[in-house]
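Visitor: Okay, handing you the structure first.
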Amino acid sequence: MNILLLGAGGREHALAWKIAASPLADRLYCAPGNAGIAREAECVTLDIANRAAVIEFCRANRIDLVVVGPEAPLVAGIVDDLEAAGIKTFGPTRAAARLEGSKGFTKDLCRANDIPTARYERFDAKDAARGYLRKVGAPIVVKADGLAAGKGVVVAQTLAEAEAAIDMMFAGGLGAAGAEVVIEEFLVGEEASFFALCDGENAIALASAQDHKRVGDGDTGPNTGGMGAYSPAPVMTEEMTQRTMDEIVRPTLRAMKAMGAPYKGVLFAGLMITGDGPKLIEYNVRFGDPETQVLMLRLMSDLVPALIASRDGQLKNFDLRWYSDAALTVVMAAKGYPGDYARGSAIEGLESAAEIEGVEIFHAGTRSDGDRILANGGRVLNVSARGKTVGEAQQRAYRAIGRIRWPDGFCRRDIGWQAVNRERGG
Ligand SMILES: Nc1ncnc2c1ncn2[C@@H]1O[C@H](COP(=O)(O)OP(=O)(O)O)[C@@H](O)[C@H]1O
Ligand SMILES: [Mg+2]
(Lines give C-alpha, C1' and ligand atoms only; values in the text may rest on other atoms or scores of the structure.)
(Ligands and ions follow the chains in the order given, each with its own letter.)
Protein backbone atom coordinates (compact mmCIF):
# COMPACT_ATOMS: atom_id res chain seq x y z
CA MET A 1 0.00 0.00 0.00
CA ASN A 2 0.96 3.62 -0.51
CA ILE A 3 0.07 5.70 2.52
CA LEU A 4 -0.03 9.45 3.00
CA LEU A 5 0.13 10.87 6.52
CA LEU A 6 -0.85 14.50 7.09
CA GLY A 7 0.82 16.56 9.81
CA ALA A 8 4.17 17.73 11.15
CA GLY A 9 4.39 17.06 14.88
CA GLY A 10 5.50 14.45 17.38
CA ARG A 11 2.17 12.66 17.05
CA GLU A 12 2.77 12.25 13.35
CA HIS A 13 6.36 11.08 13.90
CA ALA A 14 5.09 8.36 16.25
CA LEU A 15 2.40 7.36 13.74
CA ALA A 16 4.92 7.37 10.90
CA TRP A 17 7.31 5.20 12.95
CA LYS A 18 4.55 2.66 13.58
CA ILE A 19 3.12 2.74 10.05
CA ALA A 20 6.59 2.37 8.51
CA ALA A 21 7.06 -0.82 10.55
CA SER A 22 3.99 -2.39 8.93
CA PRO A 23 4.58 -5.04 6.27
CA LEU A 24 1.56 -3.56 4.51
CA ALA A 25 3.24 -0.22 3.89
CA ASP A 26 5.13 -0.05 0.61
CA ARG A 27 5.61 3.68 0.39
CA LEU A 28 4.91 6.13 3.16
CA TYR A 29 4.67 9.85 2.47
CA CYS A 30 4.17 12.60 5.02
CA ALA A 31 3.04 16.15 4.33
CA PRO A 32 4.67 18.34 5.45
CA GLY A 33 6.58 16.22 8.02
CA ASN A 34 9.75 17.23 9.87
CA ALA A 35 13.40 16.16 10.15
CA GLY A 36 12.59 13.10 12.30
CA ILE A 37 9.65 11.97 10.18
CA ALA A 38 11.98 12.10 7.17
CA ARG A 39 13.72 9.00 8.58
CA GLU A 40 10.47 7.02 8.31
CA ALA A 41 8.68 8.59 5.38
CA GLU A 42 9.23 10.64 2.27
CA CYS A 43 8.34 14.18 3.31
CA VAL A 44 6.51 16.23 0.71
CA THR A 45 5.77 19.94 0.64
CA LEU A 46 2.03 20.01 0.31
CA ASP A 47 -0.35 22.53 1.87
CA ILE A 48 -2.67 20.22 3.78
CA ALA A 49 -5.31 22.95 4.04
CA ASN A 50 -5.53 22.86 0.22
CA ARG A 51 -7.76 19.85 -0.32
CA ALA A 52 -7.59 19.97 -4.12
CA ALA A 53 -3.79 19.78 -3.92
CA VAL A 54 -3.98 16.82 -1.52
CA ILE A 55 -6.36 14.99 -3.86
CA GLU A 56 -4.09 15.67 -6.81
CA PHE A 57 -1.09 14.33 -4.90
CA CYS A 58 -3.01 11.17 -3.95
CA ARG A 59 -3.97 10.51 -7.56
CA ALA A 60 -0.48 11.15 -8.91
CA ASN A 61 1.10 8.85 -6.31
CA ARG A 62 -1.59 6.14 -6.16
CA ILE A 63 -2.27 6.64 -2.49
CA ASP A 64 -4.32 3.78 -1.00
CA LEU A 65 -4.87 5.31 2.44
CA VAL A 66 -4.65 8.80 3.91
CA VAL A 67 -4.17 9.22 7.66
CA VAL A 68 -5.01 12.67 9.03
CA GLY A 69 -3.09 13.75 12.14
CA PRO A 70 -4.40 17.16 13.29
CA GLU A 71 -7.97 18.30 14.01
CA ALA A 72 -8.24 21.40 11.81
CA PRO A 73 -8.45 19.58 8.45
CA LEU A 74 -10.88 17.04 9.94
CA VAL A 75 -13.22 19.73 11.25
CA ALA A 76 -12.94 21.48 7.87
CA GLY A 77 -14.11 18.31 6.10
CA ILE A 78 -11.01 16.83 4.46
CA VAL A 79 -12.30 13.26 4.92
CA ASP A 80 -15.52 14.06 3.05
CA ASP A 81 -13.59 15.56 0.13
CA LEU A 82 -11.01 12.77 -0.13
CA GLU A 83 -13.61 10.02 0.15
CA ALA A 84 -15.78 11.76 -2.47
CA ALA A 85 -12.73 11.65 -4.74
CA GLY A 86 -12.46 7.89 -4.13
CA ILE A 87 -9.51 8.05 -1.73
CA LYS A 88 -9.76 5.95 1.43
CA THR A 89 -9.16 8.14 4.46
CA PHE A 90 -8.82 7.36 8.15
CA GLY A 91 -10.70 9.82 10.34
CA PRO A 92 -14.16 11.32 10.93
CA THR A 93 -16.23 13.26 8.43
CA ARG A 94 -16.92 16.92 8.96
CA ALA A 95 -20.29 16.18 10.57
CA ALA A 96 -18.73 13.63 12.95
CA ALA A 97 -15.79 15.94 13.73
CA ARG A 98 -18.24 18.35 15.38
CA LEU A 99 -17.47 16.33 18.51
CA GLU A 100 -14.28 18.40 18.67
CA GLY A 101 -15.25 21.35 16.48
CA SER A 102 -18.07 22.48 18.76
CA LYS A 103 -17.98 22.00 22.53
CA GLY A 104 -21.66 23.01 22.67
CA PHE A 105 -22.57 20.27 20.18
CA THR A 106 -20.90 17.66 22.38
CA LYS A 107 -22.47 18.99 25.57
CA ASP A 108 -25.95 18.83 24.00
CA LEU A 109 -25.24 15.30 22.80
CA CYS A 110 -24.27 14.31 26.34
CA ARG A 111 -27.39 15.89 27.80
CA ALA A 112 -29.67 14.18 25.28
CA ASN A 113 -28.08 10.77 25.88
CA ASP A 114 -27.40 10.79 29.62
CA ILE A 115 -23.64 10.76 29.11
CA PRO A 116 -21.95 11.89 32.34
CA THR A 117 -20.40 15.36 31.97
CA ALA A 118 -20.25 18.66 33.87
CA ARG A 119 -23.55 20.61 34.14
CA TYR A 120 -23.53 23.47 31.64
CA GLU A 121 -25.34 26.12 29.61
CA ARG A 122 -24.57 27.58 26.17
CA PHE A 123 -24.55 31.32 25.39
CA ASP A 124 -24.20 33.45 22.27
CA ALA A 125 -24.44 36.83 24.02
CA LYS A 126 -22.48 38.44 26.82
CA ASP A 127 -25.26 39.71 29.07
CA ALA A 128 -27.01 36.38 29.39
CA ALA A 129 -23.66 34.67 30.05
CA ARG A 130 -22.79 37.19 32.78
CA GLY A 131 -26.22 36.77 34.34
CA TYR A 132 -25.75 33.00 34.49
CA LEU A 133 -22.30 33.41 36.04
CA ARG A 134 -23.71 35.54 38.85
CA LYS A 135 -26.32 32.90 39.49
CA VAL A 136 -23.95 29.90 39.67
CA GLY A 137 -20.81 31.55 41.10
CA ALA A 138 -17.18 30.33 41.10
CA PRO A 139 -15.21 28.13 40.67
CA ILE A 140 -16.56 27.78 37.17
CA VAL A 141 -15.24 26.92 33.70
CA VAL A 142 -15.69 29.10 30.60
CA LYS A 143 -15.10 27.54 27.20
CA ALA A 144 -15.09 28.92 23.68
CA ASP A 145 -17.29 26.73 21.50
CA GLY A 146 -14.92 26.32 18.54
CA LEU A 147 -11.31 25.24 17.88
CA ALA A 148 -8.93 27.50 19.77
CA ALA A 149 -5.61 25.61 19.72
CA GLY A 150 -5.70 24.94 23.47
CA LYS A 151 -6.39 28.59 24.38
CA GLY A 152 -10.17 28.43 24.57
CA VAL A 153 -10.74 27.26 28.15
CA VAL A 154 -10.55 29.33 31.33
CA VAL A 155 -10.85 27.48 34.63
CA ALA A 156 -11.91 30.42 36.79
CA GLN A 157 -11.43 30.33 40.55
CA THR A 158 -13.22 33.67 40.98
CA LEU A 159 -16.24 35.34 39.41
CA ALA A 160 -14.01 38.20 38.21
CA GLU A 161 -11.81 35.78 36.24
CA ALA A 162 -14.87 34.15 34.70
CA GLU A 163 -16.32 37.53 33.72
CA ALA A 164 -13.03 38.60 32.18
CA ALA A 165 -13.00 35.38 30.13
CA ILE A 166 -16.55 36.01 28.91
CA ASP A 167 -15.70 39.60 27.98
CA MET A 168 -12.55 38.52 26.13
CA MET A 169 -14.37 35.82 24.15
CA PHE A 170 -17.35 38.00 23.18
CA ALA A 171 -14.98 40.84 22.27
CA GLY A 172 -13.54 38.51 19.61
CA GLY A 173 -10.35 37.59 21.47
CA LEU A 174 -10.50 34.06 20.04
CA GLY A 175 -12.05 34.98 16.70
CA ALA A 176 -15.02 32.95 15.50
CA ALA A 177 -14.23 30.17 18.00
CA GLY A 178 -15.45 32.40 20.84
CA ALA A 179 -18.65 33.69 19.21
CA GLU A 180 -20.46 31.14 21.35
CA VAL A 181 -19.42 29.89 24.78
CA VAL A 182 -20.16 27.04 27.12
CA ILE A 183 -20.17 27.73 30.85
CA GLU A 184 -19.82 24.59 32.91
CA GLU A 185 -19.53 23.23 36.38
CA PHE A 186 -16.01 22.84 37.81
CA LEU A 187 -15.27 19.13 38.22
CA VAL A 188 -13.00 17.73 40.91
CA GLY A 189 -11.01 14.57 40.29
CA GLU A 190 -8.05 13.17 38.41
CA GLU A 191 -7.77 13.68 34.65
CA ALA A 192 -7.03 10.94 32.15
CA SER A 193 -6.89 10.68 28.36
CA PHE A 194 -8.74 7.72 26.94
CA PHE A 195 -8.62 6.54 23.34
CA ALA A 196 -11.03 4.36 21.41
CA LEU A 197 -10.86 3.28 17.80
CA CYS A 198 -14.28 3.55 16.14
CA ASP A 199 -15.78 2.35 12.87
CA GLY A 200 -19.13 4.14 12.92
CA GLU A 201 -20.76 1.46 15.02
CA ASN A 202 -18.20 -0.46 17.05
CA ALA A 203 -15.44 0.79 19.30
CA ILE A 204 -12.40 -0.88 20.73
CA ALA A 205 -10.56 0.62 23.65
CA LEU A 206 -6.97 1.59 22.99
CA ALA A 207 -4.71 2.40 25.91
CA SER A 208 -5.07 5.24 28.42
CA ALA A 209 -2.56 7.97 29.20
CA GLN A 210 -2.02 10.98 31.39
CA ASP A 211 -0.34 14.15 30.27
CA HIS A 212 1.21 17.18 31.94
CA LYS A 213 -0.26 20.42 30.60
CA ARG A 214 1.60 22.99 32.72
CA VAL A 215 5.00 24.23 31.65
CA GLY A 216 6.70 23.99 35.06
CA ASP A 217 7.76 21.27 37.49
CA GLY A 218 5.11 20.36 40.04
CA ASP A 219 2.42 21.20 37.46
CA THR A 220 2.88 24.96 37.81
CA GLY A 221 2.93 27.87 35.36
CA PRO A 222 0.95 28.44 32.17
CA ASN A 223 -0.77 25.76 30.13
CA THR A 224 0.96 24.29 27.09
CA GLY A 225 0.10 21.80 24.36
CA GLY A 226 1.53 19.17 26.74
CA MET A 227 5.00 18.79 28.31
CA GLY A 228 5.00 15.02 28.66
CA ALA A 229 2.81 11.95 29.06
CA TYR A 230 2.83 8.38 30.22
CA SER A 231 0.77 5.25 29.68
CA PRO A 232 -1.05 3.47 31.17
CA ALA A 233 -2.87 5.93 33.44
CA PRO A 234 -3.07 4.25 36.87
CA VAL A 235 -6.50 5.81 37.48
CA MET A 236 -7.90 3.98 34.42
CA THR A 237 -8.47 0.64 36.07
CA GLU A 238 -10.23 -2.19 34.29
CA GLU A 239 -13.49 -1.01 35.85
CA MET A 240 -13.05 2.64 34.81
CA THR A 241 -12.21 1.57 31.27
CA GLN A 242 -15.33 -0.57 31.12
CA ARG A 243 -17.49 2.24 32.51
CA THR A 244 -16.01 4.76 30.06
CA MET A 245 -16.80 2.47 27.14
CA ASP A 246 -20.33 1.72 28.38
CA GLU A 247 -21.37 5.12 29.75
CA ILE A 248 -19.53 7.50 27.40
CA VAL A 249 -18.04 6.06 24.19
CA ARG A 250 -20.74 3.60 23.10
CA PRO A 251 -23.71 5.94 23.75
CA THR A 252 -21.84 8.60 21.74
CA LEU A 253 -21.41 6.24 18.78
CA ARG A 254 -25.08 5.27 18.91
CA ALA A 255 -26.17 8.92 19.01
CA MET A 256 -23.87 9.94 16.15
CA LYS A 257 -25.10 7.09 14.00
CA ALA A 258 -28.73 7.93 14.78
CA MET A 259 -28.23 11.52 13.60
CA GLY A 260 -26.70 10.34 10.33
CA ALA A 261 -23.12 11.25 11.25
CA PRO A 262 -21.52 7.91 12.20
CA TYR A 263 -18.16 8.40 13.90
CA LYS A 264 -15.10 6.74 12.36
CA GLY A 265 -11.54 7.30 13.48
CA VAL A 266 -9.93 7.59 16.85
CA LEU A 267 -12.07 9.14 19.55
CA PHE A 268 -10.02 10.81 22.27
CA ALA A 269 -12.06 11.32 25.43
CA GLY A 270 -10.66 13.79 27.95
CA LEU A 271 -11.98 12.44 31.24
CA MET A 272 -12.29 13.57 34.82
CA ILE A 273 -12.36 10.56 37.11
CA THR A 274 -14.63 11.81 39.89
CA GLY A 275 -16.07 10.20 42.99
CA ASP A 276 -19.08 9.26 40.83
CA GLY A 277 -16.93 7.70 38.11
CA PRO A 278 -15.73 8.97 34.73
CA LYS A 279 -17.14 12.23 33.35
CA LEU A 280 -16.46 13.60 29.89
CA ILE A 281 -14.51 16.89 29.83
CA GLU A 282 -14.27 17.02 26.04
CA TYR A 283 -13.80 14.97 22.93
CA ASN A 284 -11.00 15.28 20.42
CA VAL A 285 -11.44 13.60 17.05
CA ARG A 286 -7.84 12.55 16.48
CA PHE A 287 -4.87 11.03 18.25
CA GLY A 288 -3.52 13.02 21.20
CA ASP A 289 -0.17 14.77 21.20
CA PRO A 290 1.97 13.78 23.15
CA GLU A 291 -0.17 10.78 24.22
CA THR A 292 0.19 9.04 20.84
CA GLN A 293 3.94 8.90 21.33
CA VAL A 294 3.52 6.63 24.36
CA LEU A 295 0.60 4.69 22.88
CA MET A 296 2.59 3.75 19.76
CA LEU A 297 5.49 2.54 21.92
CA ARG A 298 3.11 0.20 23.74
CA LEU A 299 1.22 -1.10 20.71
CA MET A 300 2.42 -4.55 19.69
CA SER A 301 0.00 -5.12 16.78
CA ASP A 302 0.33 -3.66 13.32
CA LEU A 303 -1.42 -0.28 13.28
CA VAL A 304 -2.28 -0.21 9.57
CA PRO A 305 -4.95 -2.98 9.56
CA ALA A 306 -6.59 -1.24 12.52
CA LEU A 307 -6.79 2.06 10.65
CA ILE A 308 -8.23 0.30 7.61
CA ALA A 309 -10.77 -1.62 9.72
CA SER A 310 -11.91 1.66 11.28
CA ARG A 311 -12.40 3.24 7.87
CA ASP A 312 -14.08 0.13 6.43
CA GLY A 313 -16.48 -0.42 9.35
CA GLN A 314 -14.84 -3.74 10.26
CA LEU A 315 -13.85 -3.38 13.90
CA LYS A 316 -16.49 -5.74 15.27
CA ASN A 317 -14.19 -8.70 15.84
CA PHE A 318 -10.95 -6.81 15.73
CA ASP A 319 -8.34 -7.15 18.42
CA LEU A 320 -5.18 -5.25 19.23
CA ARG A 321 -2.31 -6.48 21.37
CA TRP A 322 -0.29 -4.28 23.69
CA TYR A 323 3.00 -4.66 25.51
CA SER A 324 2.47 -4.78 29.25
CA ASP A 325 5.38 -2.33 29.55
CA ALA A 326 4.75 1.28 30.52
CA ALA A 327 5.90 4.14 28.31
CA LEU A 328 6.72 7.76 29.05
CA THR A 329 7.61 10.77 26.94
CA VAL A 330 9.30 14.03 27.94
CA VAL A 331 8.81 17.06 25.73
CA MET A 332 11.87 19.21 25.07
CA ALA A 333 10.74 22.71 24.15
CA ALA A 334 12.47 25.88 22.98
CA LYS A 335 13.26 28.30 25.84
CA GLY A 336 10.40 30.78 26.15
CA TYR A 337 7.66 28.31 25.17
CA PRO A 338 4.64 28.60 25.55
CA GLY A 339 5.45 32.32 25.07
CA ASP A 340 7.79 33.67 22.42
CA TYR A 341 10.73 31.52 21.45
CA ALA A 342 13.43 31.49 18.78
CA ARG A 343 13.78 28.97 15.98
CA GLY A 344 16.91 27.68 14.32
CA SER A 345 19.19 26.60 17.21
CA ALA A 346 21.19 23.42 16.66
CA ILE A 347 20.52 20.17 18.53
CA GLU A 348 23.32 17.63 19.05
CA GLY A 349 23.74 14.24 20.66
CA LEU A 350 20.49 12.71 19.38
CA GLU A 351 22.14 9.55 18.04
CA SER A 352 23.92 8.77 21.26
CA ALA A 353 20.71 9.48 23.24
CA ALA A 354 18.70 7.09 21.07
CA GLU A 355 21.12 4.23 21.87
CA ILE A 356 19.84 3.93 25.43
CA GLU A 357 17.75 0.80 25.86
CA GLY A 358 14.03 1.29 25.27
CA VAL A 359 14.44 4.89 24.06
CA GLU A 360 12.81 6.31 20.95
CA ILE A 361 13.11 9.99 20.09
CA PHE A 362 10.24 11.53 18.16
CA HIS A 363 10.60 14.93 16.55
CA ALA A 364 7.85 17.45 17.18
CA GLY A 365 9.30 20.57 15.56
CA THR A 366 12.60 20.18 13.76
CA ARG A 367 14.08 20.72 10.35
CA SER A 368 17.35 19.55 8.88
CA ASP A 369 20.07 21.73 7.49
CA GLY A 370 22.58 19.45 5.80
CA ASP A 371 23.62 17.07 8.56
CA ARG A 372 22.44 19.33 11.35
CA ILE A 373 19.11 19.15 13.15
CA LEU A 374 17.61 22.55 13.97
CA ALA A 375 14.76 23.48 16.31
CA ASN A 376 11.75 24.63 14.34
CA GLY A 377 8.88 25.07 16.78
CA GLY A 378 7.86 25.50 20.41
CA ARG A 379 7.67 21.82 21.26
CA VAL A 380 10.68 20.34 19.51
CA LEU A 381 11.47 16.79 20.68
CA ASN A 382 9.61 13.97 22.44
CA VAL A 383 12.19 11.89 24.25
CA SER A 384 10.29 8.67 24.86
CA ALA A 385 11.04 5.35 26.50
CA ARG A 386 9.50 2.05 27.38
CA GLY A 387 10.16 0.32 30.69
CA LYS A 388 8.76 -2.34 32.97
CA THR A 389 7.34 0.44 35.13
CA VAL A 390 6.66 4.14 34.59
CA GLY A 391 9.64 4.71 36.87
CA GLU A 392 11.99 2.72 34.65
CA ALA A 393 10.69 4.44 31.51
CA GLN A 394 11.19 7.79 33.25
CA GLN A 395 14.80 6.99 34.17
CA ARG A 396 15.59 5.93 30.62
CA ALA A 397 14.02 9.02 29.08
CA TYR A 398 15.94 11.38 31.38
CA ARG A 399 19.17 9.47 30.81
CA ALA A 400 18.67 10.05 27.07
CA ILE A 401 17.97 13.74 27.68
CA GLY A 402 21.26 13.92 29.55
CA ARG A 403 23.02 13.08 26.27
CA ILE A 404 21.22 15.72 24.21
CA ARG A 405 23.14 18.95 23.79
CA TRP A 406 20.72 21.77 23.13
CA PRO A 407 21.43 24.89 25.20
CA ASP A 408 18.37 26.69 23.83
CA GLY A 409 15.95 23.99 24.97
CA PHE A 410 14.40 22.94 28.27
CA CYS A 411 12.16 20.24 29.68
CA ARG A 412 10.28 19.42 32.86
CA ARG A 413 12.26 17.18 35.21
CA ASP A 414 9.27 15.47 36.82
CA ILE A 415 7.16 13.91 34.05
CA GLY A 416 5.24 10.95 35.46
CA TRP A 417 5.67 11.97 39.11
CA GLN A 418 2.20 10.88 40.24
CA ALA A 419 2.54 7.42 38.71
CA VAL A 420 6.08 6.99 40.01
CA ASN A 421 4.93 7.96 43.52
CA ARG A 422 2.16 5.39 43.27
CA GLU A 423 4.63 2.71 42.15
CA ARG A 424 6.75 3.51 45.18
CA GLY A 425 3.68 3.00 47.34
CA GLY A 426 3.43 6.75 48.10
N1 LIG B 1 -15.49 21.16 33.92
C2 LIG B 1 -14.19 21.19 34.23
N3 LIG B 1 -13.79 21.09 35.51
C4 LIG B 1 -12.48 21.17 35.85
N5 LIG B 1 -11.49 21.35 34.95
C6 LIG B 1 -11.82 21.45 33.66
C7 LIG B 1 -13.17 21.38 33.22
N8 LIG B 1 -13.20 21.52 31.87
C9 LIG B 1 -11.92 21.68 31.49
N10 LIG B 1 -11.08 21.64 32.54
C11 LIG B 1 -9.61 21.76 32.51
O12 LIG B 1 -9.23 22.54 31.37
C13 LIG B 1 -8.45 21.75 30.45
C14 LIG B 1 -8.82 22.13 29.03
O15 LIG B 1 -10.21 21.88 28.81
P16 LIG B 1 -10.69 21.09 27.54
O17 LIG B 1 -12.17 21.03 27.56
O18 LIG B 1 -9.97 19.78 27.48
O19 LIG B 1 -10.30 22.06 26.36
P20 LIG B 1 -9.15 22.12 25.27
O21 LIG B 1 -8.34 20.86 25.37
O22 LIG B 1 -9.91 22.23 24.01
O23 LIG B 1 -8.39 23.36 25.60
C24 LIG B 1 -8.75 20.32 30.82
O25 LIG B 1 -7.69 19.47 30.46
C26 LIG B 1 -8.95 20.41 32.33
O27 LIG B 1 -7.70 20.44 33.00
MG1 LIG C 1 -8.36 19.05 26.23
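The values are calculated or read from the model by the stated rules, or taken from the named source; none is laboratory data. None of these values were measured; they are calculated from a predicted model. Virtual Cβ from ideal backbone geometry, glycine too; neighbours counted across all protein chains shown. Keep in mind that these areas ignore ligands, DNA and RNA; they rest on the heavy atoms of the full protein, side chains included. Shrake-Rupley method; radii C 1.70, N 1.55, O 1.52, S 1.80 Å.
Visitor: Open to solvent by 40 Å² or more (accessible area, probe 1.4 Å) and free of Cβ contacts under 8 Å to residues at least 60 places away in the same chain: is that true of residue 81 in this structure?
Guide: yes
Visitor: Just wondering, is there one or more residues in segment 239-247 that are without any contact (Cβ under 8 Å) to a residue 60 or more places away in the chain and within 16 Å of ligand 2 (Cβ to nearest atom)?
Guide: So the first thing to find is which residues in segment 239-247 are without any contact (Cβ under 8 Å) to a residue 60 or more places away in the chain, and the list is 239-246.
Subset that is within 16 Å of ligand 2 (Cβ to nearest atom): 244.
Yes, segment 239-247 has at least one match.
Visitor: Moving on. Name the one entry in 260, 225, 265 that is among the small types (Gly, Ala, Ser), away from ligand 1 (no atom under 13 Å from the Cβ) and open to solvent by 10 Å² or more (accessible area, probe 1.4 Å).
Guide: So the residue among 260, 225, 265 that is among the small types (Gly, Ala, Ser), away from ligand 1 (no atom under 13 Å from the Cβ) and open to solvent by 10 Å² or more (accessible area, probe 1.4 Å) is 260.
Visitor: If I ask for residues that are open to solvent by 40 Å² or more (accessible area, probe 1.4 Å) and either over 22 Å from residue 181 (Cβ atoms) or within 16 Å of ligand 2 (Cβ to nearest atom) (or both), which ones from segment 114-125 would you list? Walk me through how you get there before you give the answer.
Guide: Going through segment 114-125, the residues open to solvent by 40 Å² or more (accessible area, probe 1.4 Å) turn out to be 114, 119, 121-122, 124-125.
If the condition is that a residue be open to solvent by 40 Å² or more (accessible area, probe 1.4 Å) and either over 22 Å from residue 181 (Cβ atoms) or within 16 Å of ligand 2 (Cβ to nearest atom) (or both), then 114 is the only one that fits.
Visitor: In addition: In segment 415-426, what residues are in contact with a helix residue (DSSP H, G or I) (Cβ under 9 Å, 6 or more places away or on another chain), open to solvent by 60 Å² or more (accessible area, probe 1.4 Å) and of a type outside the set (A, V, I, L, M, F, W, C)?
Guide: 422, 423, 424, 426
The rows are residues; the columns are (1) in contact (Cβ under 8 Å) with a residue 60 or more places away in the chain; (2) open to solvent by 10 Å² or more (accessible area, probe 1.4 Å); (3) more than 22 Å from residue 324 (Cα to Cα).
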{"residue": "352", "(1), (2), (3)": "no, yes, yes"}
{"residue": "380", "(1), (2), (3)": "no, no, yes"}
{"residue": "384", "(1), (2), (3)": "yes, no, no"}
{"residue": "387", "(1), (2), (3)": "yes, no, no"}
{"residue": "394", "(1), (2), (3)": "yes, yes, no"}
{"residue": "397", "(1), (2), (3)": "yes, no, no"}
{"residue": "403", "(1), (2), (3)": "no, yes, yes"}
{"residue": "413", "(1), (2), (3)": "yes, yes, yes"}
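Visitor: Restricting attention to segment 87-116, which residues are assigned to a helix (DSSP H, G or I) and among the β-branched types (Val, Ile, Thr)?
Guide: 106
Visitor: Same structure, new question: Do any residues in segment 336-347 that are closer than 14 Å to residue 225 by Cβ have Cβ atoms under 6 Å from those of residues that are open to solvent by 70 Å² or more (accessible area, probe 1.4 Å), where the two are at least six apart or on different chains, and which pairs are they?
Guide: Close Cβ pairs satisfying both conditions: 338/222.
Visitor: Let me ask another. Among the numbered conditions (1) touching a Lys or Arg at 6+ places or on another chain (Cβ under 7 Å); (2) polar (S, T, N, Q); (3) open to solvent by 40 Å² or more (accessible area, probe 1.4 Å), tell me where residue 301 comes up short.
Guide: Going through the list (1) touching a Lys or Arg at 6+ places or on another chain (Cβ under 7 Å); (2) polar (S, T, N, Q); (3) open to solvent by 40 Å² or more (accessible area, probe 1.4 Å), residue 301 breaks only (3).
Visitor: Another one. Residues that are touching a Leu at 6+ places or on another chain (Cβ under 6 Å), among the small types (Gly, Ala, Ser), under 27 Å from residue 140 (Cβ atoms) and within 16 Å of ligand 2 (Cβ to nearest atom): does segment 187-197 have at least one?
Guide: Yes, that holds for at least one residue.
Visitor: Can you pull out the residues in segment 75-102 that are touching a Phe, Trp or Tyr at 6+ places or on another chain (Cβ under 9 Å) and polar (S, T, N, Q)?
Guide: Correct list: 93 only.
Visitor: Still on this structure, please answer the following. Do we find a residue being farther than 30 Å from residue 88 by Cα, near ligand 1 (Cβ under 10 Å from one of its atoms) and β-branched (Val, Ile, Thr) anywhere in segment 184-195?
Guide: Yes; the residues of segment 184-195 include at least one that is farther than 30 Å from residue 88 by Cα, near ligand 1 (Cβ under 10 Å from one of its atoms) and β-branched (Val, Ile, Thr).
Visitor: I need the strands (runs of 3 or more DSSP E) fully contained in segment 1-75, keeping only those with at least 1 residues that are surrounded by fewer than 21 Cβ atoms within 10 Å (Cβ to Cβ) and hydrophobic (A, V, I, L, M, F, W, C). It would help to see each step written out before you state the result.
Guide: Numbers: elements: 2-7, 27-32, 65-68.
Counting at least 1 such residues, we get no strands (runs of 3 or more DSSP E) at all.
Visitor: A further question on this structure: Test of understanding: among 342, 400, 333, which residue is over 30 Å from residue 306 (Cβ atoms), among the aliphatic types (A, V, I, L, M) and outside any strand (DSSP E or B)?
Guide: Just one listed residue meets the conditions, 342.
Visitor: Here is a follow-up. If you take the residues of segment 92-101 that are in contact with a strand residue (DSSP E or B) (Cβ under 9 Å, 6 or more places away or on another chain) and open to solvent by 10 Å² or more (accessible area, probe 1.4 Å), which of them is nearest to residue 312 (Cα to Cα)?
Guide: Going through the qualifying residues, I end up with 93.
Visitor: What residue, among those in segment 143-160 that are farther than 14 Å from residue 173 by Cβ and more than 13 Å from ligand 2 (Cβ to nearest atom), is most open to solvent (accessible area, probe 1.4 Å)?
Guide: Checked segment 143-160; the qualifying residue most open to solvent (accessible area, probe 1.4 Å) is 157.
Visitor: Only one of 274, 329, 292 is over 16 Å from the mean Cα position of the chain (by Cα) and either of a type in the set (Ser, Thr, Tyr) or open to solvent by less than 10 Å² (accessible area, probe 1.4 Å) (or both); which?
Guide: 274
Visitor: Need the failing condition index for residue 226 against (1) on the phi > 0 side of the Ramachandran plot; (2) over 15 Å from the mean Cα position of the chain (by Cα); (3) not basic (Lys, Arg), just the number.
Guide: (2)
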